[in-house]
Amino acid sequence: MTTLVIIALYLLVTLGIGLYAYRKSEDNPDDFFLAGRQVGGIVLFFTLVATNFSAFFFLGFAGAGYRIGYSYYGMMGFGTALVGISFYFIGHKVWVLGKAKGYITPPELIGDIQQSDALKVVYLAVMVIFTLPYLALQPIGAGILLSQLTDGLIPQFAGSVILSVFIVIYVFLGGMRSVALTDLIQGIIMFVLMFVAVAVVGNALGGIGEANRQVMELKPGIFSREGADGSFTPRVWFSYMILWVMAVPMFPQMFMRFFIPASTTSLRTSARLYPLVTAFLFICPIMIGVMGHLAFPDLVGREADTILPRMLSAYAPEWLAATIMVGALAAFMSTMDSQLLALSSMLTRDIYQSFFNRDVSIEQQVWIGKILVVFLSLIGLAIAWKPPSTIAAIATQAFTGLSLLFPATVAALYWRRTSAASCVASIVVGEVLLVLLYLQIIPSGFTLGFLPIVPLTIICSLVIWAGSTMARSKVSKAG
Amino acid sequence: MRKSLLWTSLFLVLFILSLDFWSWDDPIVLSALGLPGWVYYFILLQILFAVVFYFFSRESWNDPEDQGAAQ
């Protein structure tokens, strides 16, 4: 009963925020999709954090702490801290261009600065292909969590439906303003509750230090650099260190946030705070996962991802465990609402407006965006009802698949000689190679022990360089 | 130009320090809170990165409108 009340309270707060945002909103795409480009520093920081740190941060990090150990912290912490650099090199430029020319979506910006519809469509296709399955996974995960939280009182699919309905209502009402404000609340909830969770679990086990020492005696591999399961080799470690800085800004829901700051100061403040969050926050769920070996020593495979709720059920009073797990729900919702809005804006602007109705009015754009929010969430629920096996496969490749947009994005933003055709070729070649690697048509030895992101980024960059140089020499000869 | 080289070098040094393969085989010593010493190394590295980034952004990341006004 306590759990249900806490969940209901949280959901009502998100609805209240949606209503508040609705009263503040104006009927134009800038306002609906980008909160009028008027988001201040603190809200921007929390919306970036809450959007980037999905429920994987709560459940997956703890699971990785259990399976791999503290090495996961070094890789995720420093790798994600570097994302601040992307906020400067990609985010700032995107903000300047967006403000000057009124861009709303990433494909719109990249296609327009290169004057190429083909590039816009390819860029859009990659973003949609890798975001849609990821979006579909959110209601599945949220449904499982809600069902666990209520001891099965709310069945998994009903949980997916309930949470999707709440998300759709507040996104429908207030668009990005709702999403950013709920992210602020959800981000604060995540921060505070994660520290509380570590303190409660550590205290129950006789102190964090004592618990760690006991785990060290049981499983010393958890404290090693390679990880308990040998996950990390130097080449894999290097790969991860460069993966996040390229992947994170290429998620459409993150990219779109570069359009929304009210000023340079807002984005700069967020970039400055980002490495501090990774330094102190990321260690918490991993610690809980590590300490989980004392209470649940025999979890295997995917069971490890349930270590956080298990530890809370074992060591925290019901009301506190429920409150903390609401933080995980918040993480699910804050990622899903942003993905819904990003996909809806791209389908409205880059498909409907670009190819079907160039004269669509600004009021109609908002309505189409709202209808698409509902439609996309229904697709998500349909997939959640009976998930095809390919969904998880595509989602696992999402980070690499989206990262392969990075070389074309940097070239389009910074290299004047870039040709649109070379950017298209770079993206297509990279994605095709990724698929061939995944299907093992290209043997894994091709990556030389690195993750695919390393060789594929080099190849994509070479394609842009060679293609642009050839295009330029042709133009010179023709001239 | 000289300053951008300085900032690039600083970020590069921090990146190389995150690839601390030379210490991977060192014996594990638990420090405060029972965490291995290298965890504190990474906490310190992230704080260092935050500090370097702060000074870099203070100098190089300005509002285009401010720059326009200055010109």
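The values are calculated or read from the model by the stated rules, or taken from the named source; none is laboratory data. Everything numeric in this text was worked out from a predicted model, so none of it was measured. Methodologically, a virtual Cβ is constructed for each residue, glycine included, from the backbone with ideal geometry; neighbour enumeration extends over all protein chains shown. Heavy atoms of the whole protein, side chains included, go into the accessibility calculation; ligands, DNA and RNA do not. Shrake-Rupley method; radii C 1.70, N 1.55, O 1.52, S 1.80 Å.
Computed quantities for the displayed model
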{"read-out": "Extreme residue, farthest from A:Thr409 (Cα to Cα), among residues of the stretch A:98-110 that are free of Cβ contacts under 8 Å to residues at least 60 places away in the same chain and among the aliphatic types (A, V, I, L, M)", "value": "A:Ala100"}
{"read-out": "Long-range neighbours under 8 Å by Cβ, at least six apart or interchain, first residue assigned by TED's automatic domain parsing to the domain that holds A:Leu193 within the stretch A:302-322, second basic (Lys, Arg) and open to solvent by 10 Å² or more (accessible area, probe 1.4 Å)", "value": "A:Ala304/A:Arg67"}
{"read-out": "Residue among A:Ala197, A:Ala228, A:Ala211 that is among the small types (Gly, Ala, Ser) and either in contact with a strand residue (DSSP E or B) (Cβ under 9 Å, 6 or more places away or on another chain) or open to solvent by 20 Å² or more (accessible area, probe 1.4 Å) (or both)", "value": "A:Ala228"}
{"read-out": "Qualifying residue in the stretch A:200-215 (condition: basic (Lys, Arg) and touching a residue at least 12 places away in the same chain (Cβ under 8 Å))", "value": "no"}
{"read-out": "Residue among A:Asp337, A:Asp350 that is closer than 22 Å to A:Met256 by Cβ and touching a Lys or Arg at 6+ places or on another chain (Cβ under 8 Å)", "value": "A:Asp350"}
{"read-out": "Residue among A:Ala395, A:Ala408, A:Ala412, A:Ala466 that alone is at pLDDT below 90 and not assigned by TED's automatic domain parsing to the domain that holds A:Ile129", "value": "A:Ala395"}
{"read-out": "Filtered residue count, the stretch A:69-105, keeping only those that are within 17 Å of the chain's Cα centre (by Cα), among the small types (Gly, Ala, Ser) and within 9 Å of another protein chain (Cβ to nearest Cβ)", "value": "4"}
{"read-out": "Any hit, the stretch A:429-451, residues being more than 28 Å from the chain's Cα centre (by Cα), under 25 Å from A:Gly91 (Cα atoms) and not assigned by TED's automatic domain parsing to the domain that holds A:Tyr240", "value": "no"}
{"read-out": "A:Tyr66 vs. criteria more than 14 Å from chain B (Cβ to nearest Cβ), open to solvent by less than 30 Å² (accessible area, probe 1.4 Å) and not in a helix (DSSP H, G or I)", "value": "no"}
{"read-out": "Identity of the residue in the stretch A:6-40, open to solvent by 70 Å² or more (accessible area, probe 1.4 Å) and in a helix (DSSP H, G or I), that ends up farthest from A:Val179 (Cα to Cα)", "value": "A:Leu9"}
{"read-out": "The stretch A:347-387, subset in contact with a Leu (Cβ under 6 Å, 6 or more places away or on another chain) and hydrophobic (A, V, I, L, M, F, W, C), residue most open to solvent (accessible area, probe 1.4 Å)", "value": "A:Leu347"}
{"read-out": "A:Val128 being hydrophobic (A, V, I, L, M, F, W, C), within 13 Å of chain B (Cβ to nearest Cβ) and either farther than 21 Å from A:Leu372 by Cβ or within 15 Å of the chain's Cα centre (by Cα) (or both)", "value": "no"}
{"read-out": "Unique match (being buried (at least 20 other Cβ atoms within 10 Å of the Cβ), in contact (Cβ under 8 Å) with a residue 60 or more places away in the chain, in a helix (DSSP H, G or I) and in contact with a strand residue (DSSP E or B) (Cβ under 9 Å, 6 or more places away or on another chain)) among A:Ala136, A:Ala142, A:Ala180", "value": "A:Ala180"}
{"read-out": "Residue ID - nearest to the other protein chains (Cβ to nearest Cβ), chosen from residues in the stretch A:202-240 that are of a type in the set (D, E, K, R) and not in a helix (DSSP H, G or I)", "value": "A:Arg225"}
{"read-out": "Residue within the stretch B:5-20 that is modelled with pLDDT under 95, within 30 Å of A:Ile222 (Cα to Cα) and touching a strand residue (DSSP E or B) at 6+ places or on another chain (Cβ under 8 Å) present", "value": "no"}
{"read-out": "Test for A:Val49: is it closer than 28 Å to A:Val168 by Cβ, open to solvent by 10 Å² or more (accessible area, probe 1.4 Å), in a helix (DSSP H, G or I) and of a type outside the set (Ser, Thr, Tyr)", "value": "no"}
{"read-out": "Subset of the stretch A:254-285 [within 8 Å of another protein chain (Cβ to nearest Cβ) and among the basic types (Lys, Arg)]", "value": "A:Arg268, A:Arg272"}
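Yes/no matrix, rows are residues, columns are (1) of a type in the set (A, V, I, L, M); (2) modelled with pLDDT under 90; (3) open to solvent by 50 Å² or more (accessible area, probe 1.4 Å); (4) closer than 30 Å to B:Tyr54 by Cβ:
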{"residue": "A:Ile260", "(1), (2), (3), (4)": "yes, no, no, yes"}
{"residue": "A:Ala279", "(1), (2), (3), (4)": "yes, no, no, yes"}
{"residue": "A:Gly289", "(1), (2), (3), (4)": "no, no, no, no"}
{"residue": "A:Asp298", "(1), (2), (3), (4)": "no, yes, yes, no"}
{"residue": "A:Leu312", "(1), (2), (3), (4)": "yes, yes, no, no"}
{"residue": "A:Pro317", "(1), (2), (3), (4)": "no, yes, yes, no"}
{"residue": "A:Ala321", "(1), (2), (3), (4)": "yes, yes, no, no"}
